[in-house]
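A short reminder: the numbers here are calculations on the coordinates, not readings from a lab. This one's a predicted model, so the numbers in the text were calculated from it and none came from an experiment.
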Ligand code: HEM
């Protein structure tokens with residue numbers, strides 16, 4: 001988001017996003033990033049609980 005804001009600030013007036021458009025982009029980032037990451041972490045932990053042998057192999061990794 002900070003990259004987007006910095007890039008937008010240094011863009012030409014014709015290319016620059018309005019505040020409402022910036023807010024929309026931030027909404028997408030938060031929405032797309034939150035549920036996917038939660039589901040991925042939750043599913044990974046669930047599978048590791050179901051397969052303690054795999055946990056052991058992961059712990060043994062250097
Ligand atoms: C484990 C975590 C994540 C998974 C499994 C995941 C999965 C996906 C998938 C399958 C797509 C669609 C790709 C396509 O078909 O074009 C996608 C798109 C997208 N993801 Fe994620 N994502 C994850 C994390 C994140 C995070 C942390 C962010 C933002 C901080 C994010 C932002 C986006 C955005 C903005 C798109 C749309 C990209 C575009 O088409 O321009 N995602 N993600």
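Residues considered: 13, 21, 35. Largest GNM mean-square fluctuation over the chain, using C-alpha springs under 10 Å, is found at 13. Estimated at 0.36 nm per residue, the fully extended path between residue 40 and residue 19 surpasses their Cα-Cα distance by 4.4 nm. Comparing mean-square fluctuations of 40, 14, 32 from a GNM of the chain with C-alpha springs under 10 Å, the top value falls on 14. Computed over the alpha-carbon pairs of the chain, the distance histogram in 5 Å steps reads 3, 15, 15, 12, 10, 8, 9, 9, 8, 7, 3, 1 percent, short to long.
Only helices enter the 222 nm calculation for the chain: every DSSP H run of n ≥ 4 contributes -39,500 (n - 2.57), and dividing by all residues gives -25500 deg cm²/dmol, rounded to 500.
The angle separating the long axis of helix 19-50 from the principal Cα axis of greatest extent in the chain is about 0 degrees.
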